[in-house]
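The values are calculated or read from the model by the stated rules, or taken from the named source; none is laboratory data. Every value quoted in this text rests on a predicted model; they were computed, and no experiment measured them. Positions of Cβ are generated from backbone atoms using ideal geometry, with glycine treated the same way; all protein chains shown enter the neighbour counts.
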Amino acid sequence: MKILIFSYYLPHNDIDQYTLRIHLKTLSQDNEIILVCGVRKGEEGLLEDTRKYCAKVYAVKLDLPNLSWRLKDISAAFLLRGTMNCLRFLPPAKLPWDRLLIMPLFFFFRKELSDRLKEAFQREKPDLVHFHKIITSAHREDIPRHVPSVFFDDDAISRLFYASMIAEKSFPAKAYYLIRYLGAKKWEKLILPSFKKVVILSENDRKWLTGINPFLSNVEPIHYVVDTELFKPAPVTEDFPSVIFFGTLSLSYNREAAEYFAGAILPLIRKEIPQLRFYIVGPDPSLKIRSLSKNPLNKVVSKVTGHAEDLRGHIAKSAVCIVPLNKTVGVKSRILIAMSMAKTVVATSAAAQGVEGLKDGENIIIADTPSLFAEKVVYLIRNREVNNGIGVKARELIIREYCSRRWKEQWETIYRSLIKT
């Protein structure tokens, strides 16, 4: 098959762009991949690495922003670009309010990429077009409707904004995420039916999207996988004793989880293990989270690293990975990546929901209260043999049920069904 994949970003090893990397790596084995993508300053080396998976790459050098959804994103430039792009490129909406709601999504629209996408389609004549992530859907009209098209995102974006709205404490932040939630919900309802197939990573997200639009019958959940060759146990000296939390910290529920662990669980652990180090890794940490590592008299967090180009070193050095989220959105990848590196994960039942094959005490540890969470972490730190054994079982599960071969099989089945239809 000849597949044209459209993405605003190059594939990275971080969580946000990880699925694109594994997609190119697996699908390029037996298919011809044409990639249209944006390239940011300093990514020339990454672009060359990406070319080995593609028959051809149509790259556009752009000053692309990071995918940050924090309150700081409301600026004159953000609103102006979103407004102009929305008015110029969006098909007529029923009400002016519709345009206002979905305007922020069009902040990312780039005419240069639009022109490059049309050029690649006309020259390459692909069997189908794959739109990767929600921001590419603004370019849906660049491809004729009769051409088989598939849209993929890790999560239902409106569901992420809704979870952030619930997690926020302040009224301005809640109002901001309410607007983003309503806009994303409106856009998903408007644009997703135009694709032949919408692919998502969980059954919960499928139910969410069909709840938004009951007539949306083209949504299919697929099984998440991990590149077990990339994320594998590393021969590094462990920073013992230590725990790590990693994730996109611009999302409210991730910040809430990190702050919850630092405030309610970590003090209980340090009563038993005073020297325990706690690391937070992820882009866009809030001022509150950064402040946890800056007070020399009360250094709650040992280090806040911010964005990490490669998570593997941070995960490999930690004794335990923690996922203390109280929401079921956007958490599968971090659990499975840590497990693939043979690390024991201590998570809440909400965070682990929907991950098949998990067995508490065998390949993961589940704890839903601060006292139990602290007790489990202390036990794992003090019993390294048990800790290592759970990590080994965790990796065995990933190799058995979440290997990249399964990703290839799922997608080729979807692609062939669309082309045949």
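Here are a few things to note about the model shown:
Conditions (1) of a type in the set (Asp, Glu); (2) surrounded by 20 or more Cβ atoms within 10 Å (Cβ to Cβ); (3) without any contact (Cβ under 8 Å) to a residue 12 or more places away in the chain; (4) assigned to a strand (DSSP E or B), marked per residue:
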position: 325; (1), (2), (3), (4): no, yes, no, no
position: 337; (1), (2), (3), (4): no, yes, no, no
position: 342; (1), (2), (3), (4): no, yes, no, no
position: 368; (1), (2), (3), (4): yes, no, no, no
position: 379; (1), (2), (3), (4): no, no, yes, no
position: 393; (1), (2), (3), (4): no, no, no, no
position: 398; (1), (2), (3), (4): no, yes, no, no
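- Looking across the stretch 240-253, the residues that are buried (at least 16 other Cβ atoms within 10 Å of the Cβ) and either at pLDDT 85 or above or farther than 30 Å from residue 176 by Cα (or both) come down to 241, 242, 243, 244, 245, 246.
- Members of the stretch 290-313 that are modelled with pLDDT of 80 or more and either among the aromatic types (Phe, Trp, Tyr) or crowded, with 19+ Cβ neighbours inside 10 Å (or both): 311
- Meets criteria (out of contact with any Lys or Arg (no Cβ under 6 Å at 6 or more places or on another chain), closer than 30 Å to residue 1 by Cα and either in the same structural domain as residue 166 (by TED's automatic domain parsing) or modelled with pLDDT under 90 (or both)) for residue 332: yes
- The number of residues in the stretch 215-250 that are assigned to a loop (DSSP other than H, G, I, E, B), in contact with a Ser or Thr (Cβ under 6 Å, 6 or more places away or on another chain) and not acidic (Asp, Glu) comes to 6.
- Selection status of residue 199, closer than 30 Å to residue 394 by Cβ, of a type in the set (A, V, I, L, M), in contact (Cβ under 8 Å) with a residue 60 or more places away in the chain and not in a loop (DSSP other than H, G, I, E, B): yes
- Screening residue 170 against (1) among the polar types (S, T, N, Q); (2) at pLDDT below 90; (3) closer than 21 Å to residue 135 by Cα leaves a single unmet condition, (3).
- Test: residue in the stretch 349-361 that is polar (S, T, N, Q), within 21 Å of the chain's Cα centre (by Cα), buried (at least 23 other Cβ atoms within 10 Å of the Cβ) and modelled with pLDDT of 90 or more: no
- Of all residues making up the stretch 145-203, the number that are surrounded by fewer than 19 Cβ atoms within 10 Å (Cβ to Cβ) and polar (S, T, N, Q): 2
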